[in-house]
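Below is one structure, written out as C-alpha coordinates; comments come after it.
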Amino acid sequence: TWNLIDFNMVNLFKFDPDFIDLIRDLYIKSSFTDHLILAMNYSFIYNTQQLNTKQNYSFLKFNVESAGNLLSLLSSVTNQPKVQPVDTLGLGSTEFYRIFNTRFAQYLKSDLEFRYGYTIDKYNAVVARAFLGVGFPYGNFDVLPFEKKYFTGGANGIRAWQVRALGPGTYKAPAGAYPNQSGDIKLEANLEYRFKLVGFLDGAIFLDAGNIWAINEKDNRPGALFQINKFYKQLAFGTGTGFRFDFTYFIFRLDLGMKLRDPAQELNNGWIVGTRPLTSKDFVLSFAIGYPF
(Lines give C-alpha, C1' and ligand atoms only; values in the text may rest on other atoms or scores of the structure.)
Protein backbone atom coordinates (compact mmCIF):
# COMPACT_ATOMS: atom_id res chain seq x y z
CA THR A 1 0.00 0.00 0.00
CA TRP A 2 1.44 3.33 -1.08
CA ASN A 3 -0.21 6.57 0.08
CA LEU A 4 1.15 9.44 -1.97
CA ILE A 5 -0.42 12.14 0.20
CA ASP A 6 -1.38 11.89 3.86
CA PHE A 7 -2.52 15.27 5.20
CA ASN A 8 -3.25 15.94 8.85
CA MET A 9 -3.71 19.24 10.67
CA VAL A 10 -4.07 19.33 14.45
CA ASN A 11 -5.35 22.32 16.38
CA LEU A 12 -5.16 21.97 20.16
CA PHE A 13 -7.40 24.40 21.98
CA LYS A 14 -8.27 22.87 25.34
CA PHE A 15 -6.04 21.19 27.92
CA ASP A 16 -6.47 19.79 31.39
CA PRO A 17 -4.58 22.22 33.69
CA ASP A 18 -3.04 19.37 35.69
CA PHE A 19 -1.67 17.82 32.50
CA ILE A 20 -0.13 21.10 31.38
CA ASP A 21 1.53 21.52 34.78
CA LEU A 22 2.95 18.01 34.47
CA ILE A 23 4.73 18.65 31.13
CA ARG A 24 5.39 22.38 31.53
CA ASP A 25 9.14 21.93 32.05
CA LEU A 26 9.58 18.92 29.77
CA TYR A 27 10.96 18.88 26.26
CA ILE A 28 8.02 16.75 25.06
CA LYS A 29 5.59 19.64 25.61
CA SER A 30 6.43 20.68 22.02
CA SER A 31 4.61 17.54 20.85
CA PHE A 32 1.38 18.98 22.23
CA THR A 33 1.22 22.07 20.03
CA ASP A 34 -0.65 22.92 16.83
CA HIS A 35 0.99 21.21 13.89
CA LEU A 36 0.54 20.15 10.29
CA ILE A 37 1.65 16.89 8.72
CA LEU A 38 2.05 16.34 4.97
CA ALA A 39 3.44 12.83 4.62
CA MET A 40 3.99 9.98 2.19
CA ASN A 41 3.93 6.41 3.51
CA TYR A 42 4.36 2.88 2.26
CA SER A 43 3.32 -0.43 3.87
CA PHE A 44 4.21 -3.98 2.87
CA ILE A 45 2.28 -6.89 4.40
CA TYR A 46 2.99 -10.59 3.90
CA ASN A 47 0.53 -12.93 5.60
CA THR A 48 0.05 -16.69 5.20
CA GLN A 49 -2.63 -16.97 7.88
CA GLN A 50 -5.99 -18.36 6.77
CA LEU A 51 -9.04 -17.67 8.91
CA ASN A 52 -10.87 -20.56 10.58
CA THR A 53 -8.00 -22.99 9.96
CA LYS A 54 -5.48 -24.58 12.33
CA GLN A 55 -2.08 -24.35 10.68
CA ASN A 56 1.28 -22.64 11.06
CA TYR A 57 1.51 -19.13 9.66
CA SER A 58 3.84 -16.15 9.26
CA PHE A 59 2.99 -12.46 9.26
CA LEU A 60 5.36 -9.65 8.26
CA LYS A 61 4.54 -5.95 8.14
CA PHE A 62 6.92 -3.15 7.15
CA ASN A 63 6.03 0.55 7.30
CA VAL A 64 7.99 3.64 6.28
CA GLU A 65 6.79 7.25 6.36
CA SER A 66 8.38 10.57 5.47
CA ALA A 67 6.90 13.98 6.22
CA GLY A 68 7.73 17.67 5.78
CA ASN A 69 10.47 17.51 3.15
CA LEU A 70 8.39 18.98 0.32
CA LEU A 71 7.02 21.76 2.51
CA SER A 72 10.53 22.55 3.75
CA LEU A 73 11.82 22.79 0.18
CA LEU A 74 8.94 25.01 -0.95
CA SER A 75 9.37 27.29 2.06
CA SER A 76 13.08 27.61 1.36
CA VAL A 77 12.87 28.36 -2.37
CA THR A 78 10.08 30.89 -1.84
CA ASN A 79 12.05 32.64 0.93
CA GLN A 80 9.36 32.24 3.56
CA PRO A 81 10.21 33.88 6.91
CA LYS A 82 11.11 31.69 9.86
CA VAL A 83 9.59 31.93 13.32
CA GLN A 84 11.89 31.94 16.35
CA PRO A 85 9.99 31.30 19.60
CA VAL A 86 11.29 32.18 23.05
CA ASP A 87 13.28 29.32 24.63
CA THR A 88 11.65 28.69 28.02
CA LEU A 89 13.43 25.41 28.83
CA GLY A 90 17.05 26.36 28.21
CA LEU A 91 17.40 23.76 25.46
CA GLY A 92 18.62 26.17 22.79
CA SER A 93 16.82 28.41 20.32
CA THR A 94 15.11 27.01 17.26
CA GLU A 95 13.67 28.37 14.03
CA PHE A 96 10.93 26.93 11.86
CA TYR A 97 8.63 27.62 8.93
CA ARG A 98 4.86 27.80 9.07
CA ILE A 99 2.22 26.82 6.53
CA PHE A 100 -1.33 28.15 7.04
CA ASN A 101 0.11 29.83 10.12
CA THR A 102 0.91 26.38 11.56
CA ARG A 103 4.27 24.72 12.14
CA PHE A 104 4.69 21.58 10.02
CA ALA A 105 6.35 18.39 11.19
CA GLN A 106 9.39 16.90 9.50
CA TYR A 107 10.44 13.34 10.27
CA LEU A 108 11.30 9.88 8.98
CA LYS A 109 9.60 6.94 10.66
CA SER A 110 9.78 3.20 10.03
CA ASP A 111 8.79 0.03 11.86
CA LEU A 112 8.87 -3.71 11.33
CA GLU A 113 6.61 -6.35 12.88
CA PHE A 114 6.89 -10.13 12.59
CA ARG A 115 4.56 -12.81 13.95
CA TYR A 116 4.75 -16.57 13.80
CA GLY A 117 2.03 -18.98 14.82
CA TYR A 118 2.83 -22.63 15.50
CA THR A 119 -0.04 -25.09 15.82
CA ILE A 120 0.77 -28.00 18.14
CA ASP A 121 -2.59 -29.69 17.62
CA LYS A 122 -6.22 -28.63 17.31
CA TYR A 123 -6.29 -27.69 21.01
CA ASN A 124 -2.90 -26.00 21.50
CA ALA A 125 -0.87 -23.31 19.74
CA VAL A 126 2.08 -20.98 20.37
CA VAL A 127 2.26 -17.50 18.84
CA ALA A 128 5.30 -15.20 18.93
CA ARG A 129 5.62 -11.54 17.93
CA ALA A 130 8.49 -9.07 17.57
CA PHE A 131 8.26 -5.33 16.86
CA LEU A 132 10.88 -2.65 16.21
CA GLY A 133 10.04 0.94 15.36
CA VAL A 134 12.05 4.18 15.08
CA GLY A 135 10.87 7.73 14.43
CA PHE A 136 13.49 10.42 13.73
CA PRO A 137 12.36 14.08 13.86
CA TYR A 138 14.55 16.74 12.24
CA GLY A 139 14.53 20.01 10.37
CA ASN A 140 11.41 22.07 10.91
CA PHE A 141 10.19 20.16 13.99
CA ASP A 142 12.74 18.46 16.27
CA VAL A 143 10.13 16.39 18.13
CA LEU A 144 7.62 13.88 16.80
CA PRO A 145 3.96 14.97 16.97
CA PHE A 146 2.20 13.16 19.80
CA GLU A 147 0.05 11.04 17.46
CA LYS A 148 3.18 9.74 15.70
CA LYS A 149 5.05 8.72 18.83
CA TYR A 150 5.32 5.12 20.03
CA PHE A 151 3.84 3.82 23.26
CA THR A 152 3.42 0.45 24.93
CA GLY A 153 1.43 -1.22 27.67
CA GLY A 154 -2.25 -2.03 27.53
CA ALA A 155 -4.18 -4.96 26.08
CA ASN A 156 -2.09 -5.14 22.87
CA GLY A 157 1.33 -4.33 24.29
CA ILE A 158 3.14 -5.26 27.47
CA ARG A 159 0.06 -6.27 29.39
CA ALA A 160 1.48 -5.88 32.91
CA TRP A 161 1.29 -2.10 32.44
CA GLN A 162 -1.62 0.17 31.63
CA VAL A 163 -1.55 1.64 28.15
CA ARG A 164 1.03 4.47 27.91
CA ALA A 165 2.20 3.85 31.50
CA LEU A 166 5.61 2.29 30.73
CA GLY A 167 8.86 4.09 29.91
CA PRO A 168 10.52 5.73 28.21
CA GLY A 169 13.67 3.96 29.41
CA THR A 170 13.95 4.13 33.18
CA TYR A 171 11.86 7.29 33.44
CA LYS A 172 9.30 7.23 36.24
CA ALA A 173 6.34 9.55 35.90
CA PRO A 174 5.20 11.47 38.99
CA ALA A 175 2.77 9.63 41.24
CA GLY A 176 -0.82 10.08 40.16
CA ALA A 177 0.11 11.41 36.72
CA TYR A 178 -2.18 10.56 33.81
CA PRO A 179 -0.57 7.71 31.79
CA ASN A 180 0.80 9.39 28.69
CA GLN A 181 4.33 8.06 28.24
CA SER A 182 5.58 8.05 24.65
CA GLY A 183 8.87 7.83 22.77
CA ASP A 184 10.65 7.75 19.42
CA ILE A 185 11.90 4.14 19.59
CA LYS A 186 9.94 1.02 20.44
CA LEU A 187 11.19 -2.52 20.97
CA GLU A 188 8.73 -5.23 21.96
CA ALA A 189 8.48 -9.02 21.98
CA ASN A 190 5.58 -11.27 23.00
CA LEU A 191 5.15 -15.00 23.43
CA GLU A 192 1.74 -16.59 24.05
CA TYR A 193 0.64 -20.19 24.60
CA ARG A 194 -3.03 -20.66 23.68
CA PHE A 195 -5.06 -23.69 24.68
CA LYS A 196 -8.63 -24.95 24.51
CA LEU A 197 -10.59 -25.18 27.76
CA VAL A 198 -14.24 -26.05 27.19
CA GLY A 199 -16.81 -25.03 24.60
CA PHE A 200 -16.26 -21.42 23.51
CA LEU A 201 -13.78 -20.77 26.35
CA ASP A 202 -10.03 -20.73 25.59
CA GLY A 203 -7.08 -19.92 27.84
CA ALA A 204 -3.66 -18.35 27.41
CA ILE A 205 -0.37 -17.89 29.24
CA PHE A 206 1.89 -15.09 28.01
CA LEU A 207 5.26 -13.41 28.44
CA ASP A 208 5.85 -9.83 27.24
CA ALA A 209 9.04 -7.77 27.10
CA GLY A 210 10.17 -4.39 25.75
CA ASN A 211 10.16 -0.64 26.28
CA ILE A 212 10.19 2.71 24.48
CA TRP A 213 12.92 5.36 24.39
CA ALA A 214 13.56 8.96 23.34
CA ILE A 215 15.94 9.64 20.47
CA ASN A 216 16.69 13.35 20.95
CA GLU A 217 19.28 14.43 23.52
CA LYS A 218 17.12 17.45 24.31
CA ASP A 219 14.56 15.17 25.95
CA ASN A 220 14.98 16.05 29.62
CA ARG A 221 13.00 13.19 31.15
CA PRO A 222 15.56 11.39 33.37
CA GLY A 223 16.52 8.00 31.93
CA ALA A 224 14.43 8.41 28.75
CA LEU A 225 17.24 8.61 26.18
CA PHE A 226 18.14 5.53 24.12
CA GLN A 227 21.75 4.44 24.60
CA ILE A 228 23.19 1.47 22.74
CA ASN A 229 25.13 0.25 25.79
CA LYS A 230 22.17 0.54 28.19
CA PHE A 231 18.89 -0.13 26.39
CA TYR A 232 18.98 -3.90 26.96
CA LYS A 233 19.27 -3.22 30.70
CA GLN A 234 16.09 -1.16 30.56
CA LEU A 235 13.72 -3.81 29.22
CA ALA A 236 10.49 -4.40 31.10
CA PHE A 237 9.18 -7.95 31.59
CA GLY A 238 5.65 -9.04 32.36
CA THR A 239 3.74 -12.29 32.41
CA GLY A 240 0.18 -13.36 32.97
CA THR A 241 -2.78 -15.46 31.99
CA GLY A 242 -6.10 -14.84 30.34
CA PHE A 243 -9.36 -16.13 28.93
CA ARG A 244 -10.69 -15.87 25.37
CA PHE A 245 -14.42 -16.15 24.78
CA ASP A 246 -14.68 -17.33 21.17
CA PHE A 247 -18.11 -16.56 19.74
CA THR A 248 -16.93 -17.23 16.14
CA TYR A 249 -17.59 -13.72 14.81
CA PHE A 250 -16.27 -12.01 17.94
CA ILE A 251 -13.56 -12.92 20.41
CA PHE A 252 -13.73 -11.24 23.81
CA ARG A 253 -10.48 -11.29 25.77
CA LEU A 254 -9.68 -10.89 29.45
CA ASP A 255 -5.99 -10.78 30.46
CA LEU A 256 -4.38 -10.43 33.89
CA GLY A 257 -0.80 -9.19 33.60
CA MET A 258 1.83 -9.23 36.36
CA LYS A 259 5.04 -7.21 36.41
CA LEU A 260 8.25 -9.24 36.57
CA ARG A 261 10.77 -6.44 35.98
CA ASP A 262 10.14 -2.71 36.11
CA PRO A 263 13.05 -0.66 34.65
CA ALA A 264 11.87 2.40 36.61
CA GLN A 265 12.46 0.53 39.90
CA GLU A 266 15.97 1.17 41.19
CA LEU A 267 16.06 -1.64 43.77
CA ASN A 268 17.13 -5.17 42.78
CA ASN A 269 17.92 -4.08 39.21
CA GLY A 270 14.21 -3.68 38.59
CA TRP A 271 13.23 -7.27 39.39
CA ILE A 272 10.07 -7.62 41.43
CA VAL A 273 9.09 -11.26 41.97
CA GLY A 274 11.12 -12.79 44.80
CA THR A 275 12.67 -9.47 45.85
CA ARG A 276 9.73 -7.68 47.49
CA PRO A 277 6.06 -8.28 48.33
CA LEU A 278 3.66 -7.89 45.41
CA THR A 279 1.10 -5.08 45.51
CA SER A 280 -2.03 -4.29 43.53
CA LYS A 281 0.06 -1.94 41.34
CA ASP A 282 1.97 -4.96 40.04
CA PHE A 283 -1.16 -6.35 38.36
CA VAL A 284 -3.21 -5.02 35.45
CA LEU A 285 -6.52 -6.41 34.20
CA SER A 286 -7.26 -5.78 30.52
CA PHE A 287 -10.42 -6.33 28.50
CA ALA A 288 -10.29 -6.30 24.72
CA ILE A 289 -11.91 -7.61 21.56
CA GLY A 290 -9.81 -9.93 19.39
CA TYR A 291 -6.40 -11.48 19.92
CA PRO A 292 -3.50 -9.20 20.93
CA PHE A 293 -1.52 -10.31 17.86
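What ranking of Glu147, Glu266, Glu65 comes out by heavy-atom accessible area, probe 1.4 Å, highest first?
Largest to smallest exposure gives the sequence Glu266, Glu147, Glu65.
Under 15 Å from a point 7 Å along the Cα-to-Cβ line of Val126: which residues of the range 192-214 have their amide N that close?
192-195, 205-208, by backbone N distance to the label point.
Taking a cut-off of 12 Å between Cα atoms, list the aspartates and glutamates near Lys61, but don't count ones fewer than 8 places away on the same chain.
Asp111, Glu113
Dividing the alpha-carbon Rg of the chain by 2.2 N^0.38 Å yields what?
In units of the 2.2 N^0.38 Å rule of thumb, it is 1.12.
Starting at the first residue of the range 222-229, write each ³J(HN,Hα) from the Karplus equation 6.51 cos²θ - 1.76 cosθ + 1.60 with θ = phi - 60°, in whole Hz, x for Gly and Pro.
x, x, 7, 6, 6, 9, 4, 8
With +1 on each Lys and Arg Cβ and -1 on each Asp and Glu Cβ, how big is the dipole of the range 106-223 about its Cα centre, in debye rounded to the nearest 20?
Magnitude of the dipole: close to 200 debye.
First obtain the Kirkwood hydrodynamic radius of the range 15-55 from its Cα pairs, then insert it into the Stokes-Einstein equation at 25 °C and 0.890 mPa s, and state the resulting D in µm² per second as a whole number.
Numbers: Rh = 15.1 Å.
Rounded to a whole number, D works out at 162 µm²/s.
Whole-Hz ³J(HN,Hα) for each residue in the range 118-127, computed from phi via Karplus 6.51 cos²θ - 1.76 cosθ + 1.60 with θ = phi - 60°, x for glycine and proline: what do you get?
10, 8, 6, 7, 6, 10, 9, 8, 10, 10
If each residue of separation counts as 0.36 nm, what is the full-extension length gain between Asn101 and Leu254 once their alpha-carbon separation is subtracted?
Taking Asn101 through Leu254 to full extension adds about 50.5 nm, to one decimal.
With all protein chains present, how much of the accessible area of the chain (probe radius 1.4 Å) comes from carbon and sulfur, to the nearest whole percent?
Working: 9890 of 16270 Å².
The C+S portion of the solvent-accessible surface of the chain is 61 percent.
What value, in deg cm²/dmol to 500, does the helix sum -39500 (n - 2.57) over DSSP H runs of n ≥ 4 give at 222 nm once divided by the residues of the chain?
After summing the helix terms and dividing by residue count, I get -1500 deg cm²/dmol.
In the chain, if the dipole is taken from +1 on Lys/Arg beta carbons and -1 on Asp/Glu beta carbons about the Cα centre, which of Gln265, Tyr27, Thr94 is farthest to the positive end?
Gln265
Could you derive backbone 3J(HN,Hα) for the range 170-177 from the dihedral phi with the Karplus parameters 6.51, -1.76 and 1.60 (θ = phi - 60°), listing whole Hz in sequence and x where the residue is Gly or Pro?
In residue order, the calculated couplings are 9, 5, 10, 5, x, 4, x, 6 Hz.
Mind giving me the FRET efficiency for Leu278 and Phe195? R0 is 30 Å, r the Cβ-Cβ distance, nearest 0.05 is fine.
With R0 = 30 Å, the Cβ-Cβ based efficiency is 0.75.
Please state, to two decimals, what the Cα-based radius of gyration of the range 26-168 comes to when divided by 2.2 N^0.38 Å (N = residues).
Numbers: Rg = 20.4 Å, N = 143, 2.2 N^0.38 = 14.5 Å.
That ratio works out to 1.41.
Size of the dipole of the range 40-192 about the Cα centre, Lys and Arg at +1 and Asp and Glu at -1 on the beta carbon, nothing else charged, in debye to 20?
Values: 15 positive and 11 negative charges, 59 e Å.
That gives the range 40-192 a dipole magnitude of about 280 debye.
Among the aspartates and glutamates, which have Cα under 17 Å from the Cα of Lys54 when same-chain residues fewer than 8 positions away are ignored?
Partners found: Asp121, Glu192, Asp202, Asp246.
With every protein chain present, what is the per residue accessible area of the chain (1.4 Å probe, Å²)? Walk me through the intermediate numbers first.
On the way: 16270 Å² over 293 residues.
Here the residues of the chain average 56 Å² of exposed surface.
Please compute the length gained on full extension between Tyr178 and Ile289, using 0.36 nm multiplied by the number of residues separating them and subtracting their Cα-Cα distance.
That works out to 37.6 nm of additional length.
Count the lysine pairs in the range 134-293 whose Cα atoms lie under 19 Å apart, taking only pairs 8 or more positions apart in sequence or on different chains.
18
Run through the range 1-105 and list the trypsin sites (Lys or Arg not before Pro) located in a DSSP loop whose Cβ has at most 10 other Cβ atoms within 10 Å. Mind showing how you got there, number by number?
Values: sites: Lys14, Arg24, Lys29, Lys54, Lys61, Lys82, Arg98, Arg103; in loops: Lys14, Arg24, Lys54, Lys82.
Here the sparse-neighbourhood loop sites are Lys14, Arg24.
Which value results when the Cα radius of gyration for the range 207-269 is divided by 2.2 N^0.38 Å?
Relative to the rule-of-thumb radius for its length, the range 207-269 sits at 1.57.
Given 0.36 nm per residue, what is the gain on full extension from Phe19 to Gln55 after removing their alpha carbon distance, in nm?
My answer for the length gained is 8.2 nm.
Just name one of Phe200, Gly176, Gly290: the one whose Cα is farthest towards the positive end of the charge dipole of the chain (beta-carbon charges, Lys/Arg +1, Asp/Glu -1).
Phe200
Considering the convex hull of the alpha carbon atoms of the range 147-267, report its projected area averaged over all viewing directions, in nm², one decimal.
Mean projected area of the Cα convex hull: 8.9 nm².
Taking the Cα centre of the chain as the origin, how large is its charge dipole in debye, to the nearest 20, when only Lys and Arg (+1) and Asp and Glu (-1) carry charge on their Cβ atoms?
My answer is approximately 500 debye.
Cross-link candidates for Lys29: which aspartates and glutamates have Cα within less than 17 Å, leaving aside residues fewer than 8 places away along the same chain?
Asp16, Asp18, Asp21, Asp87, Glu95, Asp142, Glu147, Asp184, Glu217, Asp219
Would you please give the residues with an amide H less than 5 Å from that of Ile158, counting only those at least 5 places away or on a separate chain, with H modeled from the backbone geometry?
Gly153
The values are calculated or read from the model by the stated rules, or taken from the named source; none is laboratory data. The model shown is predicted, which means the values in this text are computed figures rather than measured ones. Note that we place each Cβ from the backbone using ideal geometry, even for glycine, and neighbour counts take in every protein chain shown. Accessible surface is based on the protein model in full, side chains and every heavy atom, while ligands, DNA and RNA are left aside. Shrake-Rupley method; radii C 1.70, N 1.55, O 1.52, S 1.80 Å.
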